[in-house]
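Below is one structure, written out as structure tokens; the observations come after it.
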């Protein structure tokens, strides 16, 4: 069981907006930066968001991140079929002294 | 451009020790505040962080696996190594190494990963 909690799956139609939640505690999300990763089938994860809400160069502004208290959210607008993937949140846990990931959310674009 | 690539055995027997190599380019672990991490992913399951090694040779390990893990580096060859003892079937996974940003705590980029199967 992952320390960070994500919904296991989510589905939406092309063009829609989705938000994926990531719930943690004061020792991880509540006191450290959150990052988000996208993993397309058969490939390595790729960084989407870091420092809670910043996009690396090359990541379109359809992707956004936010954090409030001990929860974080990834937003994706203008859904495309190519967005079908697994999405993971990550953060440092100061109590565990460990990097932790969420259980992942499988996004299906219908 | 930073790149990383994992290598090692694709098949190990139960109770054996796994040793993986992460060869990287585009940065040097001689330079301060740079780090490399190891992450694994069993088939169809979530990511699991394993270890970090810092430029100053400081190391961090997953609390649940720390007794079985060892991470080392060869700065002159731009390589990082991960050893995991007493391998079992539950350790079957794709193992990734990745560049770790210490300031914001994220992994980017990742290597392509290497699938390790534990079976007799």
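Read-outs throughout are calculated quantities, based only on the coordinates presented, and are distinct from any laboratory measurement. This structure is a prediction, so every number in the text was calculated from the model and none was measured. Virtual Cβ from ideal backbone geometry, glycine too; neighbours counted across all protein chains shown.
Partner chain Cβ atoms within 10 Å, averaged over the residues of A:93-106 - can you pull that number for me? Mind dumping the intermediate values first?
Working: counts 2, 0, 1, 5, 4, 10, 14, 4, 7, 2, 3, 4, 0, 0.
If you average over the peptide's residues, the count of other-chain Cβ atoms is 4.
Across peptide B:97-105, how many C-beta atoms of other chains are within 10 Å of each residue C-beta, on average?
Working: counts 1, 4, 1, 1, 5, 1, 3, 9, 10.
Counting other chains' Cβ atoms within 10 Å and averaging over B:97-105 gives 4.
The relative contact order of chain A, computed from alpha carbon pairs under 8 Å that lie at least 6 residues apart in sequence, is 39 percent.
For chain B, what is the relative contact order in percent, using Cα pairs closer than 8 Å and at least 6 residues apart in sequence? Could you put the intermediate results ahead of the total?
Values: 299 pairs, mean separation 42.7, N = 120.
With pairs under 8 Å counted, the relative contact order is 36 percent.
Ordering of B:92-99, B:10-17 by packing is B:92-99, B:10-17, highest average first (other Cβ atoms within 10 Å, averaged per residue). Counting Cβ atoms of other protein chains within 10 Å of each residue's Cβ and taking the mean over peptide B:41-54 gives 4.
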